[in-house]
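Below is one structure, written out as structure tokens; the observations come after it.
The values are calculated or read from the model by the stated rules, or taken from the named source; none is laboratory data. Since this is a predicted model, take the numbers as computed values, not measurements. No Cβ is skipped: glycine too gets one built from the backbone with ideal geometry, and neighbour counts run over all protein chains shown.
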Amino acid sequence: MYAWVDYNSNGVKELNEFEISPFPDQASYIRVFTPTQDFVKTYSNQFNQVLNINAEKFFKDKKKGIKKFISRFSNQTTYRIERKTTKDDILEAINPFLQVVDNPELLTLNSSARNTFYFNRNDPVYGIDLNWQDVRSKTLMVNGFDSRTNTFTSVRSRYNITPKITVNLDVKRGTRASGSEFLTTRNYNIGYYELEPRFIYQPGATFRLALSYNFANKQNKLDLGGQRSINQNAGIEIKYNQLNKGSLQLKFNYININFSDSPNTPLAYEMLEGLRPGQNMTWNLTYQRNLGSNLQLNLTYDGRRAQGVKTVHTGGMQLRALF
């Protein structure tokens, strides 16, 4: 899962030079946790809950007045948490909603909270989704704590202009943070917002064309110079299906990145998503073929070109047996 990025160009693999790779061809390393003989008394807490509210179920007669309008709304909430704490307070230990990462008595944490509010979820013409998500993690290491958080709010809308043409618009705003007591170069707090319109043309079941444009503005909020990146991504996706035979899919993205600081830092790797400032291009070709009734062949080709870096080509093949 990890790639080695030699930030200081000394040829030595150092702990702060390993990043989760966004590209499979760079993912050549794994991280192994080595247990120690030091034990700590902890209180463990695990909690999972999913809550669905569908107004349509409450109003059987949806064709009259306000009931018809209310029946268009629905909501889904999911919450999951696993944490271990050393605080000797039973009421706090069993409370499943405490997830303050900065608490020194909190040893480990893995939590995910998500709420999606739907309007016209099943309507074939138009609909709007309001999403909120909060993901947090914290791990106790020999040299101190490592923590990550990602919180964002997004609005996703869709409108079917005709049965063949669909327009989507996604708007997202959030904060992504990382903290490490040992690897201080990984301390950052990135505020970001994204805007992505998408145009989809699908005249039938065999052909699909999608055009998209993504604008992302990211800025480090910590007192380290206020690094900022502006990412613009224009993409095209073409997919061709043959019923009961297979499919062919082509993707191409042109990405232009304007970054205000040195690209050879963990913060830059996170903000640039593994690419380089300037002009970048990525492309993918996937061919899927059904061989008989229980065999499926997948062929993939990925390409990537960044400014000042040689083009990278990656190919793969997978044969899957279905029983």
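Could you please give the count of residues in segment 223-252 that are surrounded by 14 or more Cβ atoms within 10 Å (Cβ to Cβ) and in a loop (DSSP other than H, G, I, E, B)?
2
Working only within segment 1-58, note down all residues that are surrounded by 14 or more Cβ atoms within 10 Å (Cβ to Cβ) and within 30 Å of Phe119 (Cα to Cα).
Phe47, Asn54, Ala55, Glu56
I want to confirm something. Restricting to segment 82-100 and keeping residues that are out of contact with any Leu (no Cβ under 6 Å at 6 or more places or on another chain) and not in a loop (DSSP other than H, G, I, E, B), which single residue is nearest to Asn150 (Cα to Cα)?
Once the filter is applied, the top-ranked residue is Glu82.
How many residues are more than 30 Å from Asn284 (Cα to Cα), in contact with a strand residue (DSSP E or B) (Cβ under 8 Å, 6 or more places away or on another chain) and modelled with pLDDT under 85 if we restrict to segment 1-43? Quick ask: steps written out before the conclusion?
Pass one, segment 1-43, residues more than 30 Å from Asn284 (Cα to Cα): 8-16, 32-43.
In the following step, the residues that additionally are in contact with a strand residue (DSSP E or B) (Cβ under 8 Å, 6 or more places away or on another chain) were identified as 13, 40, 42-43.
Going one step further and asking which of them are modelled with pLDDT under 85, we end up with 40.
Looking only at that region, the number is 1.
Could you grab me the full set of residues in segment 130-157 that are modelled with pLDDT under 95 and over 16 Å from the mean Cα position of the chain (by Cα)?
Lys138, Thr139, Leu140, Met141, Val142, Asn143, Gly144, Phe145, Asp146, Ser147
Criterion first (among the β-branched types (Val, Ile, Thr), exposed (fewer than 14 other Cβ atoms within 10 Å of the Cβ) and either in contact with a helix residue (DSSP H, G or I) (Cβ under 7 Å, 6 or more places away or on another chain) or farther than 30 Å from Tyr287 by Cα (or both)) does Thr206 satisfy it? Can you show your working first?
Values: among the β-branched types (Val, Ile, Thr): yes; exposed (fewer than 14 other Cβ atoms within 10 Å of the Cβ): yes; either in contact with a helix residue (DSSP H, G or I) (Cβ under 7 Å, 6 or more places away or on another chain) or farther than 30 Å from Tyr287 by Cα (or both): no.
For Thr206, the condition - among the β-branched types (Val, Ile, Thr), exposed (fewer than 14 other Cβ atoms within 10 Å of the Cβ) and either in contact with a helix residue (DSSP H, G or I) (Cβ under 7 Å, 6 or more places away or on another chain) or farther than 30 Å from Tyr287 by Cα (or both) - is not met.
With respect to the numbered conditions (1) exposed (fewer than 14 other Cβ atoms within 10 Å of the Cβ); (2) out of contact with any Leu (no Cβ under 9 Å at 6 or more places or on another chain); (3) closer than 16 Å to Ser21 by Cβ, which one is the sole condition not fulfilled by Gly316?
(2)
Take Arg176 and decide whether it is under 23 Å from the mean Cα position of the chain (by Cα), basic (Lys, Arg) and either on the phi < 0 side of the Ramachandran plot or crowded, with 17+ Cβ neighbours inside 10 Å (or both). So that I can check it myself, show each step before the final result.
Working: under 23 Å from the mean Cα position of the chain (by Cα): yes; basic (Lys, Arg): yes; either on the phi < 0 side of the Ramachandran plot or crowded, with 17+ Cβ neighbours inside 10 Å (or both): yes.
Here the answer is yes, as Arg176 does meet what is asked.
Exactly one condition in (1) within 23 Å of the chain's Cα centre (by Cα); (2) surrounded by fewer than 17 Cβ atoms within 10 Å (Cβ to Cβ) is not met by Pro124; state its number.
(1)
Select the strands (runs of 3 or more DSSP E) contained entirely in segment 267-323, then report the ones holding at least 3 residues which are in contact (Cβ under 8 Å) with a residue 12 or more places away in the chain and within 20 Å of the chain's Cα centre (by Cα). Steps first, please.
On the way: elements: 278-291, 295-306, 312-321.
Passing ranges, in order: 278-291.
Of the residues Asn160, Asn75, Asn110, Asn115, which single one is surrounded by 15 or more Cβ atoms within 10 Å (Cβ to Cβ), in contact (Cβ under 8 Å) with a residue 24 or more places away in the chain and within 30 Å of Leu183 (Cβ to Cβ)?
Details: Asn160 fails: within 30 Å of Leu183 (Cβ to Cβ); Asn75 fails: within 30 Å of Leu183 (Cβ to Cβ); Asn115 fails: within 30 Å of Leu183 (Cβ to Cβ).
Going through Asn160, Asn75, Asn110, Asn115 in turn, the sole match is Asn110.
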